[in-house]
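Asks: This is the structure I want to talk about, given as structure tokens.
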Amino acid sequence: TPCPQWPYCRKRCSYCSFNTYVVPAVDEAAVRACLVREAHTLLRLSQVQRWVHGGVHGRCGALRCPPAAPHPLPYSVTSVFFGGGTPSLASPRTVAAVLEAVAEAAHLPAGAEVTLEANPSSTDTTHLAGFRAAGVNRLSIGVQSLDDTELRLLGREHTAAEAQRAVEAARGLFPGRTSIDLLFGLPGQSRDAWAQGLEAALELCDDHISLYQLTLERGTALAAQVRAGTLPLPPQDVLADMYQTARTVLVASGFRHYEVSNFARKGALSNHNLSYWRADQYIGVGPGAHGRFVPRGEGSCSREARVQTLEPVAWMREVQSQGHGTRSRVVLNPLEQLEELLTLGLRTDEGVTHKRWGHFSPQLSLQAVFGVPGEAQALQEQGWLLLDSGGLRCTWAGLAVLDSLLPDLLCQLQRH
Amino acid sequence: MAVAGRTAACWARLRSCCPVAAPLCLPPWVPAACERRYSSRGKEKLDMSAYPAESIRNFSIIAHVDHGKSTLADRLLEITGTISKTDRNKQVLDKLQVERERGITVKAQSASLFYNHEGINYLLNLIDTPGHVDFSYEVSRSLSACQGVILVVDANEGIQAQTVANFYLAFEAQLSIIPVINKIDLKNADPERVEKQIEKLFDIPTNECIRISAKQGTNVEKVLQKVIEKIPPPQCNTADPLKALVFDSTFDHYRGVIANVALFGGEIAKGNKIMSAHTQKRYEVNEVGILTPNEQPTNKLYAGQVGYLIAGMKEVTEAQIGDTLFLYKQPVEPLPGFKSAKPMVFAGMYPVDQTEYNNLKSALERLTLNDSSVTVHRDSSLALGAGWRLGFLGLLHMEVFNQRLEQEYNMSVILTAPTVPYKAILSSAKLIKEYGKDEITIINPTQFPDKLSVSEYLEPTVLGTIITPHEYIGKIIALCQDCRGVQKDMVYIDENRVMLKYLFPLNEIVVDFYDALKSLSSGYASFDYEDAGYQAADLVKMDILLNGNPVEELATIIHNDKAYATGKLLCERLKESIPRQLFEIAIQAAIGKKIIARETLKAYRKNVLAKCYGGDITRKMKLLKRQAESKRLMRKIGNVEVPRDAFIRVLKRETDY
């Protein structure tokens, strides 16, 4: 799954700590050429030659293939996810060029999911139609809130009305394949305000919603204001209530709560994002993109964690001179791979299945690690966790406190 | 330049008059990082016979903390050429990491200085002393090897509580006292006022004070001259049989025990057979020398001199502080020695993980080799496993010891709440029979006997000295009363400074009295205390429970009147220190079966990172692994996981000195 990254934004949001750049003018042709070249190089390296299953998440692309296959097999790109930054600021031509590169270097099946992240302020119908023509078939819109005061607090460029129009336009072009992002737990937000916002979002949305509790990241304008005491964050209990309300309301409206922050109905899950949580392979393309894949093109059989150079100008220079801007590559040992699988897999409602665990750990079964007396059993007895024929997963209550369960589970895993 | 020139001249004279030493240059000061075992290798030895007793002066510098004792010591070392003059000489004698970090002296150090005055070469032995109240035992130990002291007082702060305490230590030991007013370069320096204080409190005429700036070197030379003029040489004779006082000892992994000695008679050299008056054990001397401040071997040491000896002692207990060494078959009347260190604070120490027991044991053994004032008894508890009960001179001493364990031996431990040594007069015949006596000392709250089998409980008391600007008196008196203090004295030492004397129960001041005093006086009040015996007290044992399970680290013996307030405070602080968990936690204080305070820590209801996709995961994994790692070090009480340092933080919120 390739995840091409468009690192530019028109304006930095007050809560955002992503690797984004606000520049007066982007030399789009140059960035395009580099994205194309890097996608090419990395797909070759991963030997996803025929059918690459790629997702390009503003920051990376994912390949779906059996993670621990003993020898190179022809894989396909299953999804592509254009993330960022604000990839909807790029021209459809750039998106088309990257997709062509993917199809050229690997197999891109007709039905592969191709998602683009979009901001309501850069999504007029013509532009969106252009993306559709380029090959995009799923849209993820950063609505964040449907309240103008909250939007200003977040430093967003759009109003609630503009967000509304953008979502309607997107639904017209990508029916059943438009997702919206919402934030909760904003400074000063009450339980009621959130419930109302949720209500409004339900009326507007298509079949996929991502709900994120606001995380204060170091170095952001919002975090500074909260630390200085000028903005009050809602207390822990209120945040917990907001989350519970959202889960209950969405499930009642027919949504499947398939990941900590993601809800879908009518099967409209994000295949690309699922590939992260299932610890599939994915390739990060573009400044600061992350990837996890086995560089079989180099004869390696080890899964690597890769990060591309952060700063766009430096990244471009590297791509131009050596075909890619990989800044760091770290081989993940078997334990680290299992730790990631556990951490990510338990975020989903399917959890970590026996089959998937077996891909990473053919010798030591899930049952052998967690089915014996220890932390996992205690957590099962307390009602946070389940281990059965489906695999290991969180209960409804357990999912909300997953970060408190994981250290125990990692301790137990490390003992084996 | 003038100073440097004079030092050089002094060296030239020194060399010409002691030919044996001529080819030798004392090694320049080697930083503490350089291990001592190298310092004595391949060097020719000094001949110390050039320094008869009459040209020797043995002295200490005593001062309240931060009044500039270590800076003055640095200057004296520079002026006498013992160390080279650079900007880097800061706290040269404070070798321990913990001393440099905290800016305090914990372990006494010695240095021999050579100084020419009016054509005579003098050997000046400077014995550095710790500056904190906890370490006053080390001070008196150091003074036993001296005939005089330099009493340093800050020209701005004036006389402080430890100045008084240290003065009396020196005064009672009948030492000559040279008052020095330091930091006269400071803007707010008021040496005249300080001179008057000294006159009023210590009865020393104002004209005897030397005004100096140790930082800038002003008048420091004059201090050296006064040392020679005012401090008498040691009264002893090389012709007498050997009589050496062991006043300190350190342990070197390669050479065994290094004993610091002061010779009150005779001489000592390599190959001498010596005997300890205390253990009656025989040794052969391997090496003798002086400290400059690293070990510098010499051919011999003579009466009146101060130095070190190595004689195949394997354990520090063999070099008992205060012991007298003499030549085999030439026994002498042992020197009076001095009171052994008396622990004021006891705490249990346990390995976080019982598999670490043996490692911790050997770390403790090695650390106590260099700090014989810590008492160690094996102990064990149902909850904490096998461990020890340690006795310390005070809370700072306990913290410093713990910090050294961590820094020098990389050990993490569980420390229980500090307790003072209470006593109980038993009334139960059964218990009296069991203990074989009717009065017992309780250094572990778990051994607190029930009221029914006790006729009276006793608590240790101290006589505290507080010196403060008068505007804080109201608040300080309130604090003292709150600590069950009884006022014994109150004197104005000048127009706006007051000295208060209070009798306190030791347990009231042991933990955070000093911090409280400092904070309510904006740092201006100072405090010192001395042992004042026992008094009857209405004591109870208070337990802290987490979800009904007692926290052994926090069991305390406490005065009945204070139980409610302390119980409530401990519960509140615990609530802040224990992280929320997956279930609700009841935090309770109890006396016997009776709950006297309760706080509730609510369960986590949501704790999951909102956003976790491909890009974020490396950071997330690092964080999780750190959490998993720290889980292993958590203390589990029932189901409740408590960070290892939470209890100490609960007992004492501020740790800055």
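Asks: For segment B:626-640, which residues satisfy the criterion of being surrounded by fewer than 18 Cβ atoms within 10 Å (Cβ to Cβ) and either in the same structural domain as B:Thr355 (by the TED database) or on the phi < 0 side of the Ramachandran plot (or both)?
Replies: Across segment B:626-640, the qualifying residues are B:Arg626, B:Gln627, B:Glu629, B:Ser630, B:Lys631, B:Arg632, B:Leu633, B:Met634, B:Lys636, B:Asn639.
Asks: Can you tell me which residue among B:Val306, B:Val345, B:Val332 is over 30 Å from B:His377 (Cβ atoms) and buried (at least 23 other Cβ atoms within 10 Å of the Cβ)?
Replies: B:Val306
Asks: On to the next question. Identify all residues within segment B:461-477 that are within 16 Å of B:Asp528 (Cβ to Cβ) and either assigned to a helix (DSSP H, G or I) or of a type outside the set (A, V, I, L, M, F, W, C) (or both); write none if there are none.
Replies: Passing the criteria: B:Thr461, B:Gly464, B:Thr465, B:Thr468, B:Ile476.
Asks: Still on this structure: Find the helices (runs of 4 or more DSSP H) located wholly in segment A:168-286 whose residues include 2 or more that are away from chain B (no Cβ under 14 Å), and list them.
Replies: A:191-204, A:221-227, A:236-252
Asks: Moving on to the next point. Residue check, A:Glu318 against (1) more than 14 Å from chain B (Cβ to nearest Cβ); (2) in contact (Cβ under 8 Å) with a residue 24 or more places away in the chain; (3) of a type in the set (Asp, Glu), all met but one. Which one?
Replies: (2)
Asks: Now for a different question. Among (1) outside the structural domain of B:Asp379 (by the TED database); (2) touching a residue at least 40 places away in the same chain (Cβ under 8 Å); (3) closer than 26 Å to B:Val376 by Cα; (4) surrounded by fewer than 21 Cβ atoms within 10 Å (Cβ to Cβ), where does B:Ala319 come up short?
Replies: For B:Ala319, the failing item is (4).
Asks: Next up: Out of B:Ala269, B:Ala189, I need the residue that is farther than 26 Å from B:Asp66 by Cα, aliphatic (A, V, I, L, M) and free of Cβ contacts under 8 Å to residues at least 40 places away in the same chain. Which one?
Replies: B:Ala269
A quick yes/no check of all residues on (1) over 27 Å from A:Ala201 (Cα atoms); (2) surrounded by 21 or more Cβ atoms within 10 Å (Cβ to Cβ); (3) out of contact with any strand residue (DSSP E or B) (no Cβ under 7 Å at 6 or more places or on another chain); (4) of a type in the set (Phe, Trp, Tyr):
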{"site": "A:Ala110", "(1), (2), (3), (4)": "yes, no, yes, no"}
{"site": "A:Val143", "(1), (2), (3), (4)": "no, yes, no, no"}
{"site": "A:Glu157", "(1), (2), (3), (4)": "no, no, yes, no"}
{"site": "A:Gln164", "(1), (2), (3), (4)": "no, no, yes, no"}
{"site": "A:Val167", "(1), (2), (3), (4)": "no, yes, no, no"}
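Asks: Would a scan of segment B:472-482 turn up a residue that is modelled with pLDDT under 95, surrounded by 18 or more Cβ atoms within 10 Å (Cβ to Cβ), at negative phi and among the acidic types (Asp, Glu)?
Replies: No, segment B:472-482 contains no residue that is modelled with pLDDT under 95, surrounded by 18 or more Cβ atoms within 10 Å (Cβ to Cβ), at negative phi and among the acidic types (Asp, Glu).
Asks: Oh, and also: Scan B:Arg389, B:Arg378 and give me the residue that is on the phi < 0 side of the Ramachandran plot, part of a strand (DSSP E or B) and exposed (fewer than 15 other Cβ atoms within 10 Å of the Cβ).
Replies: B:Arg378
Asks: I'd like the residue in segment B:620-638 that is outside any loop (DSSP other than H, G, I, E, B) and more than 28 Å from A:Val330 (Cβ to Cβ) and, out of all such residues, is nearest to the other protein chains (Cβ to nearest Cβ).
Replies: That would be B:Lys636.
Asks: Would you be able to tell me the number of residues in segment B:478-526 that are under 11 Å from B:Gly464 (Cα atoms) and assigned to a loop (DSSP other than H, G, I, E, B)?
Replies: Residues flagged as under 11 Å from B:Gly464 (Cα atoms) and assigned to a loop (DSSP other than H, G, I, E, B) within segment B:478-526 amount to 1.
Asks: Being surrounded by fewer than 21 Cβ atoms within 10 Å (Cβ to Cβ) and either not assigned by the TED database to the domain that holds A:Thr123 or not in a helix (DSSP H, G or I) (or both) is the filter here; which residues of segment A:20-44 pass it?
Replies: If the condition is that a residue be surrounded by fewer than 21 Cβ atoms within 10 Å (Cβ to Cβ) and either not assigned by the TED database to the domain that holds A:Thr123 or not in a helix (DSSP H, G or I) (or both), then A:Tyr21, A:Val22, A:Val23, A:Pro24, A:Ala25, A:Val26, A:Asp27 are the ones that fit.
Asks: What single numbered condition from (1) under 23 Å from the mean Cα position of the chain (by Cα); (2) under 26 Å from B:Tyr604 (Cα atoms) fails to hold for A:Leu338?
Replies: Condition not satisfied by A:Leu338: (2).
Asks: Follow-up question, since we're still on this one. Could you grab me the full set of residues in segment A:294-312 that are over 25 Å from A:Val31 (Cα atoms) and in contact with a Phe, Trp or Tyr (Cβ under 9 Å, 6 or more places away or on another chain)?
Replies: A:Arg303, A:Glu304, listed by residue number.
Asks: Which residue out of A:Ala400, A:Ala376 is crowded, with 16+ Cβ neighbours inside 10 Å and within 13 Å of chain B (Cβ to nearest Cβ)?
Replies: Sole residue among the options that is crowded, with 16+ Cβ neighbours inside 10 Å and within 13 Å of chain B (Cβ to nearest Cβ): A:Ala400.
Asks: Of (1) in a loop (DSSP other than H, G, I, E, B); (2) surrounded by fewer than 21 Cβ atoms within 10 Å (Cβ to Cβ), B:Pro234 satisfies all except one. Which?
Replies: Only one criterion in (1) in a loop (DSSP other than H, G, I, E, B); (2) surrounded by fewer than 21 Cβ atoms within 10 Å (Cβ to Cβ) is unmet by B:Pro234, namely (2).
Asks: Moving to a separate point now. Considering segment B:127-158 alone, what residues qualify as being assigned to a strand (DSSP E or B) and modelled with pLDDT under 90?
Replies: Answer for segment B:127-158, where residues must be assigned to a strand (DSSP E or B) and modelled with pLDDT under 90: B:Ile127, B:Asp128.
Asks: Another question, if that's okay. From A:Ala39, A:Ala69, A:Ala29, A:Ala90, grab the single residue that is modelled with pLDDT of 80 or more and more than 22 Å from the chain's Cα centre (by Cα).
Replies: It is A:Ala29.
Asks: When you scan segment B:394-426, how many residues do you find that are under 15 Å from the mean Cα position of the chain (by Cα) and not in a helix (DSSP H, G or I)?
Replies: Of the residues in that region, 1 qualify.
Asks: Another one. Exactly one of these conditions fails for A:His324: (1) under 20 Å from A:Phe82 (Cα atoms); (2) surrounded by fewer than 22 Cβ atoms within 10 Å (Cβ to Cβ); (3) away from chain B (no Cβ under 13 Å). Give me its number.
Replies: (2)
Asks: Turning to a different aspect of this structure: Looking only at segment B:616-625, decide whether some residue is without any contact (Cβ under 8 Å) to a residue 40 or more places away in the chain and in contact with a Pro (Cβ under 8 Å, 6 or more places away or on another chain).
Replies: Checked segment B:616-625: at least one residue is without any contact (Cβ under 8 Å) to a residue 40 or more places away in the chain and in contact with a Pro (Cβ under 8 Å, 6 or more places away or on another chain).
Asks: Quick one: B:Val486 ticks every box in (1) modelled with pLDDT of 95 or more; (2) among the β-branched types (Val, Ile, Thr); (3) under 26 Å from B:Arg193 (Cβ atoms) bar one, so which box is it?
Replies: Evaluating B:Val486 over (1) modelled with pLDDT of 95 or more; (2) among the β-branched types (Val, Ile, Thr); (3) under 26 Å from B:Arg193 (Cβ atoms) leaves (3) as the failure.
Asks: Next up: Here is a check on your reading of the model: is B:Glu356 more than 25 Å from the chain's Cα centre (by Cα) and among the charged types (D, E, K, R)?
Replies: yes
The values are calculated or read from the model by the stated rules, or taken from the named source; none is laboratory data. Small disclaimer: the values here were computed from a predicted structure and weren't measured. Reconstructed Cβ throughout: ideal geometry from the backbone, glycine too, with neighbour counts over all protein chains shown.
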